[in-house]
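Novice: Handing you this structure, nothing more for now.
The values are calculated or read from the model by the stated rules, or taken from the named source; none is laboratory data. A quick note: this is a predicted structure, and the numbers were derived from the prediction, not measured. For neighbour counting, all protein chains shown are included, and Cβ atoms are generated from backbone atoms with ideal geometry for every residue, glycine included. Side chains are part of the model used for accessible areas, which takes the heavy atoms of the whole protein and leaves out ligands, DNA and RNA. Shrake-Rupley method; radii C 1.70, N 1.55, O 1.52, S 1.80 Å.
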Amino acid sequence: MQTSYAPPRTNSRHGRGFWLIAYLFTVAMASSTLPTPLYPLYQREEGFGALMVTVVFAVYAVGVLAALFLGGHVSDWVGRRRMLALGLLAGIASGITFVVSTALPALIAGRVLSGLSVGLVTATATAHLADLNGRARPGQGLRRAEVVATAANLGGLGLGPLISGLLAEFTSSPLRVPYVVSVVLLTIGLAALTVVPETVQRPDPMPAYRPQRTAVAPEHRPTFVGAATASVVAFAVFGLFTSLAPIVLSTLFHSGSRVMAGLAALLAFGSAAAAQIPLHRLTPHRQLVSGLAVMAAGVVVLVLAVNLGLLALFLTGGAVAGAGAGITFKGSMSTVLATAAANRRGETAAALFLSAYVGLTVPVLGLGFAAQSLPVTVALYAFAAALLLALAFATWRIVTARSRSAMMGA
């Protein structure tokens, strides 16, 4: 059973709807990273260590993976707006949970709800932006939708820690005010969703529900595996700056500023979003190769910064690694969307995000365990070595997939 799409009509509603979806996508992602600079405060208040921080972070990623696996593709059947509304409601529930209590069980519950929200919003908003862009600008291709979707995703992830860091620094209730602001912004997004055009017409009869599956044509599988592997590495870099960066800053660089922790995350994610602008005209293959190279350089700079104890160099390395990760993820998204039929965009985007959030979970959880029994510097060196090996593997898969495609096309 294929998805039935509403008849294409080009009008200003689709153009306005495009930017409203970009707004709510950004706000949803920003809400998910609000706790980043606040973890040291939770540690002091609740008395847990670095390992529990990574566990709390991991349950968020598990929530994302569960939502992607169970519902990330369902918008192809039931409609984009319904799934986005469900994702925003989960985000609002997460914010309310954080406001009500700062206890560890509430922190875990709030992070699970936040993960469910992000998992439902990411794939659906990405597909909805592509649909709305096609209606508002017929014949113009997917490039604008890809750039805006990636910028909203990564830009939102970077804005969240900065906003919460600033609010935490200058308000008397740092563990509650950021989430109140988040709930208000998400509620505005939910209201705005009512005027966004739906781009999917529900099929009749509805297909039987099934969990997420990856449907990639045999000739595209090597390309998809290469892009997915690159996304795993890119999100592992992002995971460092959304989980343990505040602890690294306070332990190695003696900086307990919550604004500095938010700034470190903003530099990584902001660079990821900004780096795509001058390189958006490159082919997806060149974006992937360039992004992996820049990311490797950034990881090396991070290692040097830790070795030399230079905070400015650490922030620079984060910006460079983040830029490479952003370029890499943009290339990955462009690659997989180019191979997907219009009625499978939500499913294909969900499959890529599934891969990416594995990268966000497993390596960072490993880093948290290592930091419990090893000095933080040694744990970071091991993490960097693993990233560099994974980067080499991803580059090899992408290059060999390209060569194989060229041979098949000859």
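Novice: Taking amide hydrogens as modeled 1.01 Å from N in the peptide plane, which residues meet the under 5 Å criterion relative to VAL200, leaving out close sequence neighbours?
Specialist: Excluding prolines and chain starts, which carry no amide H, the hits are ALA6, ARG80.
Novice: As a test of reading the structure, rank SER257, SER117, SER355, SER172 by solvent-accessible area (1.4 Å probe, protein chains only), most first.
Specialist: Greatest to least solvent exposure: SER172, SER257, SER355, SER117.
Novice: Starting from the Cα gyration tensor of the range 283-384, take the square roots of the eigenvalues, sort them a ≥ b ≥ c, and report rounded, prolate or oblate (rounded when a/c is under 1.5, otherwise prolate if a/b is larger than b/c, else oblate). All intermediate terms of the calculation are to be shown ahead of the outcome.
Specialist: On the way: a/c = 3.93, a/b = 1.75, b/c = 2.24.
Here the range 283-384 falls in the oblate category.
Novice: If you don't mind, there's one more thing I want to ask. Sticking to Cα atoms, compute the Rg of the chain to one decimal and its Dmax as the biggest Cα-Cα distance, whole number, in Å.
Specialist: 20.3, 66
Novice: Still on this model: Please state the shape class of the range 1-142: rounded when a/c is under 1.5, otherwise prolate if a/b exceeds b/c and oblate if not, all from the C-alpha gyration tensor. Please list the in-between numbers first.
Specialist: Numbers: a/c = 3.08, a/b = 2.40, b/c = 1.29.
Here the range 1-142 falls in the prolate category.
Novice: Next question. For MET206 and ARG281, compute 0.36 nm times the residue count separating them, minus their Cα-Cα distance, and round to one decimal in nm. Each step should come with its number before you reach the end.
Specialist: Details: separation 75, 0.36 × 75 = 27.00 nm, distance 3.91 nm.
Fully extending the segment from MET206 to ARG281 adds 23.1 nm.
Novice: Apply the Karplus curve 6.51 cos²θ - 1.76 cosθ + 1.60, θ = phi - 60°, to the phi angles in the range 136-153 and return the couplings in whole Hz, x for Gly and Pro.
Specialist: Karplus-based 3J(HN,Hα) across the range 136-153 equals 6, 9, x, x, 9, x, 9, 4, 4, 4, 5, 5, 5, 4, 5, 5, 5, 4 Hz.
Novice: May I ask you to rank HIS285, HIS254 by accessible area, largest first, using a 1.4 Å probe over the protein chains only? Don't skip to the end; give the middle numbers.
Specialist: Working: HIS285 45, HIS254 150 Å².
Order by accessible area, largest first: HIS254, HIS285.
Novice: Provide the per residue accessible area, probe 1.4 Å, for the chain, rounded to a whole number of square angstrom. Intermediate values should be presented prior to the final figure.
Specialist: Details: 15460 Å² over 410 residues.
So the chain comes to 38 Å² accessible per residue, rounded to a whole number.
Novice: Could I ask something else about it? Considering only PRO363, ILE188, SER172, whose Cα is most displaced toward the positive end of the charge dipole of the chain, charges sitting on Cβ of Lys, Arg (+1) and Asp, Glu (-1)?
Specialist: Comparing the listed Cα positions along the dipole, ILE188 ranks first.
Novice: Here is a follow-up. Would the range 125-251 count as rounded, prolate or oblate if I go by the C-alpha gyration tensor, calling it rounded below 1.5 in a/c and otherwise prolate when a/b exceeds b/c, oblate otherwise?
Specialist: Because a/c hits 1.5 or more and a/b fails to exceed b/c, the range 125-251 counts as oblate.
Novice: Take the alpha-carbon centre of the range 141-209, take the same for the range 243-272, and report the distance between them in whole Å.
Specialist: So the two Cα centres are separated by 23 Å.
Novice: Roughly speaking, to the nearest percent, how much of the chain's 1.4 Å accessible area is carbon and sulfur? Intermediate values should be presented prior to the final figure.
Specialist: Numbers: 10530 of 15460 Å².
C and S atoms contribute 68 percent here.
Novice: Another question, then. How much mean residue ellipticity at 222 nm does the chain get from its helices, if each DSSP H run of length 4 or more adds -39500 (n - 2.57) and you divide by all residues, to the nearest 500 deg cm²/dmol?
Specialist: Numbers: 16 runs with 321 residues, N = 410.
The helix-only estimate for the chain comes to -27000 deg cm²/dmol at 222 nm.
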